[in-house]
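Participant: First, the structure itself, so that you have it in front of you.
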Amino acid sequence: MACFAEPDEADTWWKLGDFQELHGEPVEAEKNLREAIALDPDHLHARYDLAKLLLDPNRSGGPATAEGIRQLFYVVDHDASAVRPRVDLGWQLLKRGQRSEAIDLFVEALQIDPNYAPAKAGLAACLDSDKN
């Protein structure tokens, strides 16, 4: 695929990576998302998309999963309004038995957007796990 924007612009690499991810090219997507982050370490969209890619349930896990969680933490720590990354991180932490941390993230997400259904579902799952 030809890339007609300036090759040193992080947004160009992020958009290309996002496009490739959507079209079933995860290896190329990962490469281009990493390029965007290398050019702009604070490119939160690229970090979030890389996290989603690395945390895809169809991947093998291991180091990729750990890196995906680190990317989510980075986005959450650097964007006070990031609802979806908070919820995604909450689910990841809940899967790993870190219920208290997950609750905090779901509550933060609901403080930002009180109507965000995935945050409500995450909080409900945490409270249900408390009953078991």
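Participant: I'd like the full set of residues that are of a type in the set (Asp, Glu) and in contact (Cβ under 8 Å) with a residue 24 or more places away in the chain, limited to region 116-132.
Facilitator: Residue satisfying the conditions is Asp130 alone.
Participant: Output the qualifying pairs, or none if there are none: Cβ atoms under 8 angstrom, residues six or more apart or on different chains, first residue in region 99-115 and more than 8 Å from Val83 (Cα to Cα), second residue of a type outside the set (A, V, I, L, M, F, W, C) and modelled with pLDDT under 95.
Facilitator: Final answer for the pair search is Arg99/Ser129; Arg99/Asp130.
Participant: Moving on to the next point. Please state which of the following conditions Ser100 fails to meet, knowing it meets all the rest: (1) exposed (fewer than 12 other Cβ atoms within 10 Å of the Cβ); (2) in contact with a helix residue (DSSP H, G or I) (Cβ under 6 Å, 6 or more places away or on another chain); (3) of a type in the set (S, T, N, Q).
Facilitator: (2)
The values are calculated or read from the model by the stated rules, or taken from the named source; none is laboratory data. Because the structure is a prediction, the values reported are computed rather than measured. All Cβ positions, even for glycine, are placed from backbone atoms using ideal geometry, and neighbour counts span all protein chains on display.
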